[in-house]
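Each remark here refers to the structure printed beneath this line.
Every number in this text was worked out from the coordinates using simple rules, so none of it is lab data. Given the structure is predicted, the values throughout are model-derived calculations rather than measurements. Counting neighbours? That spans all protein chains shown, and the Cβs are built from the backbone with ideal geometry, glycine included.
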Amino acid sequence: MKTLYLRNVPDEVAERLERLAARESMSVNALAVRELAQISRRADNQAFLDALPDLPITAAQILEVVDEGRAAR
């Protein structure tokens with residue numbers, strides 16, 4: 001496992017992280033690792049999107065079906 005050191009963290013950011021961690025009974029380190037893990041998943045988004053099939057469906061068609069479904073309720 002790697003170790004990261006963060007420098008130049010603004011005081012207000014550190015204070016908010018401390019409050020969030022305290023609310024969840026976690027250390028600031030555990031909270032930061034959890035949040036960074038979640039954010040880092042974005043790196044795979046483009047590969048996922050590129051792997052999707054190219055379907056001849058427009059956004060307007062999707063919205064039309066969604067609107068129809070909502071109206072049927």
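Kindly establish whether Val28 is touching a Leu at 6+ places or on another chain (Cβ under 6 Å) and surrounded by 10 or more Cβ atoms within 10 Å (Cβ to Cβ). Break it down into steps so the answer makes sense when it comes.
Numbers: touching a Leu at 6+ places or on another chain (Cβ under 6 Å): yes; surrounded by 10 or more Cβ atoms within 10 Å (Cβ to Cβ): yes.
Yes, satisfied.
When residues of the stretch 1-40 are filtered for being among the acidic types (Asp, Glu) and on the phi > 0 side of the Ramachandran plot, how many remain?
Residues flagged as among the acidic types (Asp, Glu) and on the phi > 0 side of the Ramachandran plot within the stretch 1-40 amount to 0.
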